[in-house]
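Enquirer: Handing you a structure now.
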Amino acid sequence: MSHQFKTIIEPFRIHSVEPLRMTTLEQRQEAIQAAGYNLFSLRAEDVLIDLLTDSGTGAMSRDQWAAIQHGDESYAGSPSWFRFQEAVQDLFPFKHVIPTHQGRAAEKILFTVLGGPGKVIPNNTHFDTTRANVEFTGAEARDMVIPEGKQASTLHPFKGNIDLQALEGLLSERAADVPVVFITITNNSGGGQPVSLANIRAANEICRRYSVPLFLDACRFAENAWFIHEREDGQRSREIAEIVREMASLADGMTMSAKKDPFGNIGGWLAVNDDALADRCRNLLILTEGFPTYGGLAGRDLEAIAQGLREAVHPDYLRYRIRSTAYLGNALDAAGVPVVKPIGGHAVYLDALTLLPHIPPLQYPGQALSVALYEVGGIRSVEIGTVMFGRQPDGTEKPAAMELVRLAIPRRTYTQSHIDYVVEVVQQVALESATLPGYRMVDEPPSLRHFTARFAPIR
Ligand code: F0G
């Protein structure tokens, strides 16, 4: 009989290490003030535990570093390109794969072709760059996640699902204005929540009826597939790769950031079935990214991603990945810290509105919380709330659907003791929460303001 042990162990051991730099409270207070209270403006060396993003920040495996040695830097037709294409199409059998330097480059190209004034692009929830790339063309980016997906503490196994009624409603009125429907797996801006196969299948059926293509923003496809494996009826016995292929089979194309689940430090792609669309996208690719067999990537990057894709769907890895994120979320929940539930795949999302009821949304409770986490414990997080999404295309500002602070977990990078430390720091900040100030923006760039805005505390 084999025993079941409750300790989650990292399914790897450490091969090469990076030092972390310890700082004092005074040093951090000085650093964040100099950064205009914007965590993106900190020097990474001044951060102890960097949970800003899970994008490009994961640890590569021995086999990925070995694959890098096979990188062939031929301008056209490199063998590394063919290995990349094969690895992508093994999981996502789309006819055309167009490599890009990262996800937003794929978005920029696709929406340049499909967007424009008068168009509407629905998505469960647009990520910030996706929304910005849609809006940049003059099109409207419309979020339509199910209602549960906007309530931080409501439990639902697939809180990332797109609202099928809202989708049908939009298409029945304006299908001609909708060049593409998007589903983001997992739903990053809505708490890293998964989308069920049944939901993708139903969205596919609606899109078919109105002859509108369905695309996946698939950055965290493997984590999404793991949730399907664990939570959806009849999926337990299937291989993760098989579930991924079924998700892909229900779509007409995808955009991808290979900096997430595929373990790339850089990279992405756009994949489509439509020949004419592929042609138009490739022409734009050559303008800004490069020739279609490298698209802004070095041959070695293509190799690292090809190998990473194989590792991303391994069940030992995914079990560890999802359970270790839940370990952080459940520990905070048990300590009474309000978090988005159930716990998502790549990150734990703190509910700043509930934790800081004295700070109104337009004084940025998420920003206040993320500054405090840095000052108190050197942890870098990211606000996903009114700072990120409050600015409207007409220049006005309104509160976002939720005021979240995301603790994103880089893949295979931090150990359980790092995470135990994070739990302690968040608990300490929660104890002091009534004393935290709100913020005002003192310098605001015209788009994607959260990256470079400067703030001042309201004392
Ligand atoms: N789509 C989603 C759902 C994302 O989470 C991201 C990036 C992108 C597209 C764009 O990809 O960064 O390669 O250009 N998300 C990162 C994050 C930056 O921190 O969540 P990219």
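Enquirer: Along the charge dipole of the stretch 62-312, which of L270, T184, G253 sits closest to the positive end, that is, farthest toward it, with unit charges on the beta carbon of Lys, Arg, Asp and Glu (+1, +1, -1, -1)?
Expert: Positive-most Cα among the choices belongs to T184.
Enquirer: Can you tell me the FRET efficiency between W65 and T7 if r is taken as the Cβ-Cβ distance and R0 is 35 Å, rounded to the nearest 0.05?
Expert: Working from the Cβ atoms, E equals 0.80.
Enquirer: Please state the Cα pair-distance histogram of the stretch 33-100 with 5 angstrom bins from zero: what percent is in each bin?
Expert: Spelled out bin by bin, the stretch 33-100 gives 3, 12, 14, 16, 15, 10, 10, 11, 7, 2, 0 percent.
Enquirer: How do the peptides 244-253, 264-273 rank, highest first, by the average count of neighbouring beta carbon atoms within 10 Å per residue?
Expert: Averaged packing, sorted descending, gives the order 264-273, 244-253.
Enquirer: Got the relative contact order for the stretch 90-198 handy, in percent, Cα pairs under 8 Å and 6 or more residues apart?
Expert: 28 percent
Enquirer: Which pairs break 26 Å Cα to Cα here: K6/K259; K260/K398; K6/K341?
Expert: The answer is K6/K259; K260/K398.
Enquirer: Enter the Cα centre distance for the pair the stretch 132-187 and the stretch 265-335, rounded to the nearest angstrom.
Expert: Going from one Cα centre to the other spans 22 Å.
Enquirer: If you don't mind, there's one more thing I want to ask. So what's the Cα pair-distance distribution over the chain, bin width 10 Å, in %?
Expert: Taking all Cα pairs of the chain, the binned fractions are 4, 21, 31, 28, 14, 2, 0 percent.
Enquirer: If you don't mind, there's one more thing I want to ask. At a threshold of 8 angstrom on Cα-Cα distance, excluding pairs fewer than six apart, so keeping six or more, what relative contact order does the chain reach in percent?
Expert: RCO, the chain: 23 percent.
Enquirer: Mind checking the log10 I(q)/I(0) for the stretch 167-319 at q = 0.21 Å⁻¹? Debye, one equal scatterer per Cα, no solvent, two decimals.
Expert: -1.37
Enquirer: Which value, in nm² and rounded to one decimal, describes the direction-averaged projected area of the C-alpha convex hull of the stretch 62-312?
Expert: Spelled out: convex hull of the Cα atoms, projected over all directions, averaged, 12.8 nm².
Enquirer: If we sort 164-173, 317-326 on the protection proxy, mean other Cβ atoms within 10 Å, highest first, what's the order?
Expert: Highest mean packing first, the order is 317-326, 164-173.
Enquirer: To continue, here is another question. About the Cα centre, and with charges only on the beta carbon of Lys, Arg (+1) and Asp, Glu (-1), how big is the dipole of the chain? Nearest 20 debye, please.
Expert: Dipole of the chain, to the nearest 20 debye: 180 debye.
Enquirer: Largest first and in whole Å, give the semi-axes of the stretch 401-459's equivalent ellipsoid, each being the square root of 5 times a Cα gyration tensor eigenvalue.
Expert: 27, 19, 9
Enquirer: Still on this model: Could you give the spread of the C-alpha atoms of the stretch 297-345 along their three principal axes, from largest to smallest, in whole angstroms?
Expert: Each principal axis gives a Cα extent; for the stretch 297-345 these are 48, 23, 12 Å.
Enquirer: Compute, for the stretch 62-312, the length of the dipole vector about the Cα centre, with Cβ point charges of +1 (Lys, Arg) and -1 (Asp, Glu) only. Units Debye, rounded to 20.
Expert: Charge dipole, the stretch 62-312, about its Cα centre: 180 debye, nearest 20.
Enquirer: Right, another one. Step by step: find N for the stretch 329-417, compute 2.2 N^0.38 Å, then divide the Cα radius of gyration by it. What's the final number?
Expert: 1.13
Bear in mind that the values in this text are calculations on the coordinates, not laboratory data. Treat the numbers as computed from the prediction; the structure is a model and nothing was measured. Note that each Cβ is placed from the backbone with ideal geometry, even for glycine, and that neighbours are counted across all protein chains shown.
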